[in-house]
Structure formats: C-alpha cells, structure tokens
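Scroll down for the structure; my scribbles are underneath it.
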Amino acid sequence: MEGFQIGNVRIPGKLVLGPMAGVTDLPFRLLCKEQGADLVYTEMISAKGIFYKNKNTELLWMTKEQERPLALQLFGSEPALMADMAAQIEERSFDILDINMGCPVPKVVNNGEGSALMKDPQLAGEIVKAVSSRISKPVTVKFRKGFGADDCNAVEFAKRMEECGAAAIAVHGRTREQYYGGKADWDIIRQVKETVGIPVIASGDIFTPEDAAACLEQTGCDGLMLARGVRGNPWLFHQIREYLEHGTLEAKPSREEMVQMILRHARMLIECKGELMAMREMRKHVAWYTAGYPGSASLRRRVNEIEKYEDLERMIMFSK
C-alpha cells in the first residue's frame, strides 16, 4: 500500500492506530506496530497535566524507537498553554503532535476541550496556529463530523484547520452526540478530502478488512485509522494489509495464538507498569482478546480476580 506524507514525516503505508485512552499505551502500540501499523498514536495527554507535572503523564508518553513514526496526542483549550507545553516537550521521541478535538467524554467536553472545540472553530484555529508556530514538528488535528446533528461542520472546520497550520487531519464520521453509536458517516470524510489539500485520515467503523477496502473506496482518504476494531485484535492490521495488497482474507487467529498474545501483552505491561497495575489493566484486554472464542464468557468472569501473572497464565492455559 502506498504511504503518504505528513509535513516532513513519511508514513510508509495507510494503516494508523488511533488514540484510545486506557488502551494505546506503549505495549499495545508495539504489538500493533509488529502487526503492520504504519503510524501509531499515544493516549491523549493533557497540556495542563504537563504544566502541573502530573505524575501519571510520564506513563502516557513512554516511547521506544521501534514504534516510530509516532504521533503524540495533546488536549487542551488554551492556545498559549498548548503552545508552551508543545514547545516544552518537542525534544521527546515522537514525530507528529496531534491535537485532540474529537473526544466526546463529558469531563473533557465540559472543560471546553476535545469535541467541544468544534463549537468554537475560531478558538480551535487559534490553538492550531499557536502550536504550529512554536514547534518544527508537524501538527495535526483529530475531530468529528460535528458536535451535534444540527451542526455537522466538519468540512468548514477542516478548511480552517488547514489554514491555521495543520499538516494533516483525522476525521471520525460521527458527531459528539452520537459518541460511538449509530453508523459512521464516511461521506462526510469524502467531502473533507475533496475540500482540503492536506492528508486526511478516515476514522469510524473499520472492523474488518472489507470495511477498510470500502472506506478507502468511498472516501478516497490517505490513511485508515483503526481504533475499537483492534482492541483485543492487533492482528487486524496484518489482515487488512493482506486483503488490500493480495485480496486474501486471513483466518481468525487460533486459540493458541490468542493465548500467546495475551501472555506476551501481559509481560510487556508488567515491564512498563509493574505487576499489580498490569494485571488490573489486562482484565479488560483479556475480555477483548477472548471474545468469540468457546468458553470466553466464563473466562471473562474469572479474570476479574487476577492480581498476579502466574494466576493469569494458569487461568488462560487451563481454559484451553
């Protein structure tokens, strides 16, 4: 698959791992990279968290050279603070700075951040202009179809982001009011792509290789952002690549492959975060990994009790 360019950063293909809070940490990004992700995003990081030196921020931006090209996603609503924090962290090991203007979570929106910025395109533009003028790395923006059904302003918003210095944009085809319900509107992404001259990454409802092919055809986008579809399924990157390049639909990973991926993921999490935190985080990952496999419902109930790696290993191996 042909790649694309974001500023001075070459993306080798079209497959992008989107930012997901509590999911796209360093271990998961590395697993997705191994399966064929061409660009990966960090979880979103608060500009205020950086300013106040929040201790949790350090875990969010742990990186390794082999996951690059890497986009670090920042969120906030104050242009000067966003620019200052972007300049402060620019020397860290990432390639692209992305600004979140799509998060639908109430605690973010109620602070005027995330998708709330779609209601104030002028402020959103000022943030992009301030940040892009302070750093040399490319600045990108991720946003939605609009805030509500009566305010689907993605096309106009995209033009403003481009005019203010964005080097690329990612568009999720749902409004904030939809959250993740209903069907993603790929046609609005096509309209955005036909309007701007910078790369456009399509987001929303890409769960299968067939979805990926259909989205590419309908939108003409430069990249495909995978998010909820890869929770418990990092193999999806490889499956999509095989389908787009060779027309081959790969079989679902075997139970043994699934078990080995879970255990490896757990070991990588322990290395980053320690055993107790890793095992608590693995509970949701195990639920995602095992969905659709025989006996998975019982396993998901029992996995909520694990606190040690050996407990996870015993439970997973025994469930085979």
*Determine the gain in length on full extension of the stretch ARG264-MET1; use 0.36 nm per residue of separation and subtract their C-alpha separation, reporting nm with one decimal.*
91.8 nm
*Amide H neighbours of ILE99 under 5 Å, counting only residues 5+ apart in sequence or on other chains, H built in-plane at 1.01 Å?*
LEU74, THR140, VAL141, LYS142
*asked:* At q = 0.16 Å⁻¹, what log₁₀ I(q)/I(0) does the chain have when each alpha carbon counts as one equal point scatterer in the Debye sum?
replied: -1.37
*Per DSSP H run of n ≥ 4, the term is -39500 (n - 2.57); total these for the chain, divide by its residue number, and report the mean residue ellipticity at 222 nm rounded to 500 deg cm²/dmol.*
-13000 deg cm²/dmol
*Angle between the chain longest axis and helix 186-195 axis [Cα atoms, degrees, rounded to 10]*: 40
*Measure nothing but the geometry: give the 0 to 90° angle between the long axis through the Cα atoms of 79-89 and the longest principal axis through the Cα atoms of the chain, rounded to 10°.*
50
*Counting only the backbone N, which residues of the stretch 89-117 are under 19 Å from the spot 7 Å out from the Cα of ALA21 toward its beta-carbon?*
98-117
*Compute the distance in nm between two label points, each set 7 Å from the Cα along the Cα-to-Cβ direction, one at HIS246 and one at GLU217.*
2.1
*Listed here are the pairs LYS137/LYS284; LYS64/LYS308; LYS14/LYS183; LYS14/LYS107; which of them are more than 30 Å apart at the Cα?*
LYS137/LYS284; LYS14/LYS107
_Surface accessible to a 1.4 Å probe, LYS145 within the full protein complex, Å²_ = 40
*Please give the helix 236-246 orientation as an angle from the longest Cα principal axis of the chain, in degrees from 0 to 90, rounded to the nearest 10.*
80
*For the stretch 81-98 and the stretch 199-259, what is the separation of their C-alpha centers, rounded to whole Å?*
30
*Report the convex hull volume per residue for the stretch 141-252, counting only C-alpha atoms, in Å³.*
99
*asked:* Sort LYS252, LYS142, LYS48 by heavy-atom solvent-accessible area, probe 1.4 angstrom, most to least.
replied: LYS252, LYS48, LYS142
_Where HIS246, HIS238, HIS172 fall by accessible area, highest first, once all protein chains stay in place (1.4 Å)_ = HIS246, HIS238, HIS172
_Run the numbers for GLN88 and ALA149: contour at 0.36 nm per residue of separation, minus the present Cα-Cα distance, in nm._
18.2 nm
*Find the relative contact order for the chain and round it to a whole percent, using C-alpha pairs within less than 8 Å whose residues are 6+ positions apart.*
14
*Under the Karplus curve 6.51 cos²θ - 1.76 cosθ + 1.60, θ = phi - 60°, whole-Hz ³J(HN,Hα) for the stretch 299-307, x wherever Gly or Pro sits*: 5, 5, 5, 6, 5, 5, 9, 6, 9
_Extension reserve of the THR195-ALA297 stretch, reckoned as 0.36 nm per residue once the Cα distance is removed_ = 32.1 nm
*Using DSSP, restrict attention to beta bridges with both residues in the stretch 1-120 and report what percent are antiparallel, rounded to the nearest 5.*
20
*Over what distance in Å are the Cα centres of the stretch 148-180 and the stretch 1-61 separated?*
20
*Surface accessible to a 1.4 Å probe, ILE188 within the full protein complex, Å²*: 10
_As a test, work out the antiparallel percent of DSSP beta bridges whose residues both lie in the chain, rounded to the nearest 5._
10
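The values are calculated or read from the model by the stated rules, or taken from the named source; none is laboratory data. Just so you know, these numbers come straight off a predicted model, no measurement behind them. Positions of Cβ are generated from backbone atoms using ideal geometry, with glycine treated the same way; all protein chains shown enter the neighbour counts. In case anyone asks, the SASA skips ligands and DNA or RNA and just uses the protein heavy atoms, side chains included. Shrake-Rupley method; radii C 1.70, N 1.55, O 1.52, S 1.80 Å.
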